[in-house]
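Written below as structure tokens is the structure these notes are about.
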């Protein structure tokens with residue numbers, strides 16, 4: 001077994017237990033809501049169209065959008081918004097199949113039951129539900145598979161799942177992680193589907209013993225799958241628990257892993273929530289759902305403080321430190337020592353042939369060029385400032401996963417990208433980063449933020465202070481390159497960065 005595969009399999013009990021807990025809880029809540037609602041619809045015909053229409057509309061909303069919408073609605077991240085989104089996403093198959101199964105029963109059977117003196121509730125319980133059971137269970141089966149797949153999208157909203165494998169694997173080009181996560185989700189979906197299929201078969205054949213035995217087996221699978229989760233949250237280690245957050249690119253994974261190692265050595269119990277969007281992560285910090293993470297001064301300045309001016313870096317750092325404490329009781333512990341700014345990058349040959357060294361020089365060429373960026377950049381105020389300052393007018397703006405941008409520009413799918421200045425791939429793909437003479441972009445010093453609760457934790461502050469001002473841009477670029485280009489694991493790269501820091 002390769003070291004990389006062994007490293008991913010070591011994470012499986014934690015990720016899988018969270019995924020099973022999320023899936024089965026959402027499925028159980030969905031059943032409890034949908035079956036009575038569907039039964040009501042069969043009795044009150046006026047409800048059929050609105051209920052089915054709402055369920056259909058919910059189904060058309062993309063899974064990732066449904067999950068993301070739950071965060072601002074609930075004001076928190078983690079399992080709860082993911083759970084509610086999954087319940088909503090599961091409703092259509094169960095409601096539709098239950099309604100169809102009941103309404104398709106031969107009317108002569110229900111008339112006979114009514115003629116024998118049964119009440120409407122007795123007819124439902126003793127005649128309609130038993131006869132419609134195979135169709136109803138088929139709907140539950142469909143919902144179960146959908147929930148397993150959609151739950152992998154819960155990672156960006158801070159819920160641990162098998163999606164952690166997929167999101168981190170794509171960002172760090174660790175396809176072993178992607179394969180392990182995808183295979184595990186597929187296996188879980190197949191196993192759950194087959195268990196429910198056996199219950200469906202038992203219902204259609206009126207085999208009560210098989211139905212009970214299969215239900216018990218499903219319960220045992222749930223208990224076995226979720227046992228690592230139970231053990232983790234009920235372990236009595238006595239260590240103080242700290243949650244570290246991370247965004248969706250390699251540098252963030254490396255830094256969060258290094259911080260995890262440092263804090264573990266300091267005696268803390270660590271949970272890392274990675275793959276989260278900038279705004280969601282900042283809100284999680286201010287709500288004490290995440291204790292610490294690395295953000296960038298330009299992101300705070302432009303996106304959270306909504307500042308339009310671009311003063312010098314030291315001024316930005318001083319003002320944002322005061323603003324974070326005054327407005328959110330968030331402590332900016334300090335800058336890590338390097339800047340990771342957005343920088344427009346183009347192929348070196350094109351730059352040299354056309355004598356392009358700055359974004360100003362690029363302006364006249366932009367009308368014949370396509371630009372690529374990560375998912376966030378074109379929706380951020382920094383892009384608006386850059387576009388308007390230099391009058392950029394690209395023929396197309398293409399958002400994509402950050403890890404795919406370099407392949408895209410290398411294959412001429414786009415002509416310019418919004419790179420990160422500490423990306424190891426800039427040199428590897430022979431790109432040139434363009435200067436920003438008008439300072440349209442603010443400085444992007446990497447800064448370490450602590451939540452309101454963590455801000456008063458002196459032991460945590462002392463443990464993290466060792467990395468403040470210690471990481472150079474060259475060291476960070478080397479750590480990113482180790483993952484993105486040299487096929488090293490995030491853990492190996494984090495250890496490399498930590499050795500570089502403490503050898504100074």
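Our summary gives the chain a relative contact order of 16 percent, counting only alpha carbon pairs under 8 angstrom and 6 or more residues apart. Annotation for residue 208 and residue 114: the two label points, set 7 Å from Cα along the Cα-Cβ direction, are 2.9 nm apart. So, R0 is 35 Å and r is the distance between the beta-carbons of residue 486 and residue 271; what FRET efficiency does that work out to, to 0.05? The calculated FRET efficiency here is 0.80. Looking at the chain, what % of its DSSP beta bridges pair antiparallel, to the nearest 5? So the antiparallel bridges in the chain amount to around 55 percent. If I fit a long axis through the Cα atoms of helix 63-74 and take the longest principal axis of the Cα atoms of the chain, what angle between them do I get, 0 to 90°, rounded to 10? It is inclined by approximately 80 degrees. The mean of 1/r over all distinct Cα pairs in the range 341-455, once inverted, gives the Kirkwood hydrodynamic radius of 14.7 Å.
Between residue 104 and residue 12, the C-beta separation translates, for a Förster distance of 41 Å, into a calculated FRET efficiency of about 0.45. Taking the fewest neighbouring Cβ atoms within 10 Å as the starting point, the ordered list for 326, 295 is 326, 295.
Computed on the chain, the Cα convex hull volume stands at 184 Å³ per residue. The slack between residue 175 and residue 397, meaning 0.36 nm per residue of separation minus the straight C-alpha distance, is 77.2 nm.
In whole angstrom, the range 328-376 maps to an equivalent ellipsoid with semi-axes of 33, 14, 9, each derived as √(5λ) from the alpha carbon gyration tensor and ordered largest first. Residue exposure proxy: 107, 451, 260, 360, ordered by other Cβ atoms within 10 angstrom of their Cβ from fewest to most, comes out as 107, 360, 260, 451. Extension gain for residue 48-residue 348 works out to 101.8 nm (0.36 nm per residue, less the C-alpha to C-alpha distance).
Angle check, please: helix 208-233 long axis (alpha carbons) against the longest principal axis of the chain (alpha carbons), in degrees 0 to 90, nearest 10. In the chain, helix 208-233 runs at an angle near 30 degrees to the longest axis. Here the residues 373, 184, 503, ranked from fewest to most Cβ neighbours within 10 Å of their Cβ, fall in the order 503, 184, 373.
Please work out the ratio of the alpha-carbon Rg of the range 3-233 to 2.2 N^0.38 Å and round it to two decimals.
1.13
Once the C-beta distance of residue 367 and residue 427 is scaled by a Förster radius of 22 Å, the resulting FRET efficiency is 0.15 to the nearest 0.05. Summary of the geometry: the range 367-392 and the range 239-294, compared by the centres of their Cα atoms, lie 29 Å apart.
Estimated purely from DSSP H runs of n ≥ 4, each contributing -39500 (n - 2.57), the mean residue ellipticity at 222 nm for the chain is -19000 deg cm²/dmol once divided by its residues.
Taking each residue as 0.36 nm, the span from residue 64 to residue 388 lengthens on full extension beyond its C-alpha to C-alpha distance by 113.5 nm. The C-alpha atoms of the chain define a longest principal axis, and helix 313-328 lies at about 30 degrees to it. For the range 25-48 versus the range 139-167, the spacing of their alpha-carbon centroids is 23 Å.
Every read-out reported here was derived from the displayed coordinates using simple, explicitly stated rules and does not represent laboratory data. All of these numbers come straight from a predicted model, not from anything done at the bench. Every residue, glycine as well, gets a Cβ built from its backbone with ideal geometry; the counts of neighbours run over all protein chains shown.
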